[in-house]
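Structure in structure tokens, see below.
The values are calculated or read from the model by the stated rules, or taken from the named source; none is laboratory data. The shown structure was predicted, so the numbers you read here are calculated from the model rather than taken from an experiment. For neighbour counting, all protein chains shown are included, and Cβ atoms are generated from backbone atoms with ideal geometry for every residue, glycine included. For the accessible areas, the whole protein counts, side chains as well, though only heavy atoms, and no ligand, DNA or RNA atoms are used. Shrake-Rupley method; radii C 1.70, N 1.55, O 1.52, S 1.80 Å.
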Amino acid sequence: MNFANNFIIYLLRFIPKWAVKIIANRYIAGTSINHAIKAIKKINSKNQSATLDILGEHTKDIQSSSQITNEYIEILRQIQINKLDCNVSIKPTHIGSDINENTVMNNFKKIQSYAIKTNNFVRLDMESSKITDLTLNIYKELMKINGNSGIVVQAYLYRSENDIESLPNNINIRLCKGIYNEDESIAIKDPDEINKNYIKLLSMIFKKNIYVGIATHDKKLIKNCMELIKNKKISTNKFEFQYLYGVPMNDMIKLFHKNNFKIRVYVPFGLNWYNYSIRRIKENPKIATYIIKNLFK
Ligand code: FDA
């Protein structure tokens, strides 16, 4: 990361909450379920699917983890009532992995059980490497009950190749670069090397005939993925492209539609917008320029 980016991250602590809210409005579909449903109806009307995420992580008490679990169940109910093309993405630390393994496992099972009833799907988001093993274990348990769940693999982790190898073939993976600040002993740091590994892992996933969500905004990488798809003659029902709500992707979306590729938007919503926005800016300090532009609109 260069000096300018480090400086922006340093300045973040002085940006008032109202200014961060300007960014939040772009990257977050509101604070309530009703806001999120409205956003998803709009996404669906553009021939794109969605996945909903309630903002938040690292829940520390059982009562709150149950409350968030119930909110996910309510979302699944609303998705069914409103006939939305949408599933849910859940962070293990949000529903209890910091409390203990039993709590997070039971909460996932409750949500999965409701998703089975409503014919829906649950994605386990992948968080930091501290809980990669735990997340994979939960996923393997859920898969024993039903195939209606998916996992995430991070291309920056050296271990990901073995993880894909050890997973069965009839599963659903989201492949992303990885967002957490991991130690160089376990994670690739060079952006070009991460991209090389991304393509290597994607080839492995295709070889295993696993369904994959190709989650990246990196246009060069997307084009390399499309080349691989073309060369290997991968059927369009074996993958989808995924991007985060609010990230400008119009040119790529046109390209996806032209090729008949399925598209899914990751839609975060909820009261915890502040921490999420700060994380987004840290990930991509260029976003901070949006604040300045918006201030003068
Ligand atoms: P890269 O960071 O190279 O960005 C490519 C281009 O896109 C750059 O030009 C950049 O400016 C632009 N860009 C990227 N992010 C932007 C943003 N937020 N706003 C505006 N422009 C942006 N990670 C993880 O560890 N666990 C997970 O479960 C998930 N889940 C997930 C779901 C989906 C649908 C996506 C798209 C991403 C994730 N991620 C994730 C995050 C992922 O690991 C990664 O950190 C980000 O997507 C940024 O990497 P890119 O592949 O987009 O490339």
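Quick one: in region 93-112, of everything that is over 17 Å from the mean Cα position of the chain (by Cα) and under 11 Å from SER149 (Cα atoms), which residue is surrounded by the fewest Cβ atoms within 10 Å (Cβ to Cβ)?
LYS109
Given the structure, is LEU142 free of Cβ contacts under 8 Å to residues at least 40 places away in the same chain and open to solvent by less than 10 Å² (accessible area, probe 1.4 Å)?
Considered against the rule, which asks whether it is free of Cβ contacts under 8 Å to residues at least 40 places away in the same chain and open to solvent by less than 10 Å² (accessible area, probe 1.4 Å), LEU142 comes out as yes.
Which of the residues spanning region 259-273 are part of a loop (DSSP other than H, G, I, E, B) and either out of contact with any Phe, Trp or Tyr (no Cβ under 9 Å at 6 or more places or on another chain) or under 17 Å from SER89 (Cβ atoms) (or both)?
Correct list: ASN259, ASN260, GLY270, LEU271, ASN272.
Additional query: For residues that are open to solvent by less than 20 Å² (accessible area, probe 1.4 Å) and within 16 Å of the ligand (Cβ to nearest atom), tally how many sit in region 74-90.
Residues flagged as open to solvent by less than 20 Å² (accessible area, probe 1.4 Å) and within 16 Å of the ligand (Cβ to nearest atom) within region 74-90 amount to 5.
Here's something else I'd like to know. Consider LYS230 carefully, then state whether it is open to solvent by 60 Å² or more (accessible area, probe 1.4 Å), at pLDDT 95 or above, more than 9 Å from the ligand (Cβ to nearest atom) and touching an Asp or Glu at 6+ places or on another chain (Cβ under 7 Å).
no
For (1) among the polar types (S, T, N, Q); (2) within 13 Å of the ligand (Cβ to nearest atom); (3) not in a loop (DSSP other than H, G, I, E, B), each residue gets a yes or a no:
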| position | (1), (2), (3) |
| --- | --- |
| LEU175 | no, yes, yes |
| TYR180 | no, yes, no |
| ASP183 | no, no, no |
| SER203 | yes, no, yes |
| LYS220 | no, yes, yes |
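Mind listing whichever residues of region 135-162 are closer than 13 Å to LEU202 by Cα, in contact with a strand residue (DSSP E or B) (Cβ under 6 Å, 6 or more places away or on another chain) and assigned to a helix (DSSP H, G or I)?
If the condition is that a residue be closer than 13 Å to LEU202 by Cα, in contact with a strand residue (DSSP E or B) (Cβ under 6 Å, 6 or more places away or on another chain) and assigned to a helix (DSSP H, G or I), then SER160 is the only one that fits.
Anything in region 80-130 that is in a loop (DSSP other than H, G, I, E, B) and either touching a Gly at 6+ places or on another chain (Cβ under 8 Å) or under 20 Å from VAL212 (Cα atoms) (or both)? List them, or say none.
ASP85, LYS91, ASN119, ASN120, PHE121, ASP125, MET126, GLU127
Related question: Would you confirm whether or not region 240-258 contains a residue that is assigned to a helix (DSSP H, G or I), open to solvent by less than 70 Å² (accessible area, probe 1.4 Å) and within 12 Å of the ligand (Cβ to nearest atom)?
Looking for residues that are assigned to a helix (DSSP H, G or I), open to solvent by less than 70 Å² (accessible area, probe 1.4 Å) and within 12 Å of the ligand (Cβ to nearest atom), one finds at least one in region 240-258, hence yes.
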